[in-house]
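Okay, so here's the structure we're looking at.
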């Protein structure tokens, strides 16, 4: 575990993702630094999984928001894509679960990404939440402790 400043950390990840996909990915934050205590590689893996999903299922821009809320740090990744049916959200973190098998064959994936992301968040004593509306997009929220003690 190490102290991670999420602003430059996310800027680097977004820069790498933009090299793979030219879509507009914007980072929004009001203050810096935004610090967390984390396994840097694991948190990077979570953010890449979420950005990869946003890229696969959105044809528009993607917004990433960094925020502090009391004792927590919030990372929100919002896409403006096809969205997830409400009845599917409860299953989305299950291992090998894919919302639409036909859609998944076209875009690829094993159905493990969100399962892995949730497992990593649990190891960090954090949470992952998803809000989605079909035809409007999906917002994934990572909630991590702002405490620099583990």
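Bear in mind these aren't lab numbers, they're just calculated from the coordinates by the rules spelled out. Just so it is clear, the structure is predicted and the values come from calculations on it, not from any experiment. Don't worry about glycine lacking a Cβ; one is built from the backbone with ideal geometry, like all the others, and counts go over all protein chains shown.
One table, with the values for the structure above:
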quantity: (1) 21, 18, 17; (2) 42, 19, 12; (3) 25, 17, 14, with the label sought being that of the calculated semi-axes √(5λ) of the Cα gyration tensor in Å; calculated: (3)
quantity: Residue order, fewest to most surrounding Cβ atoms within 10 angstrom, among 124, 59; calculated: 59, 124
quantity: For the chain, share of DSSP beta bridges that run antiparallel, in % to the nearest 5; calculated: 85 percent
quantity: Over the chain, relative contact order from alpha-carbon pairs under 8 Å, at least 6 apart, %; calculated: 26 percent
quantity: Nitroxide proxy distance, nm - points 7 Å out along Cα→Cβ at residue 24 and residue 11; calculated: 2.1 nm
quantity: Percent RCO, i.e. relative contact order, over region 1-86, from Cα pairs under 8 Å lying at least 6 residues apart; calculated: 31 percent
quantity: Residue list for region 118-138, given a label point 7 angstrom along the Cα-to-Cβ vector of residue 1 and an amide N cut-off under 20 Å; calculated: 118-128
quantity: Label-reachable residues, region 34-65, where backbone N falls under 20 Å from a point 7 Å from residue 88's Cα toward its Cβ; calculated: 49-63
quantity: Residue exposure sequence - 95, 76 - by fewest surrounding Cβ within 10 Å; calculated: 95, 76
quantity: Extension gain, residue 148 back to residue 42 (0.36 nm per residue minus Cα-Cα distance, nm); calculated: 36.5 nm
quantity: Stretchable slack from residue 60 to residue 131, in nm (0.36 nm times residue separation minus alpha-carbon distance); calculated: 23.8 nm
quantity: Nearest 10 degrees, 0 to 90: helix 6-20 Cα axis against the chain principal axis; calculated: 30 degrees
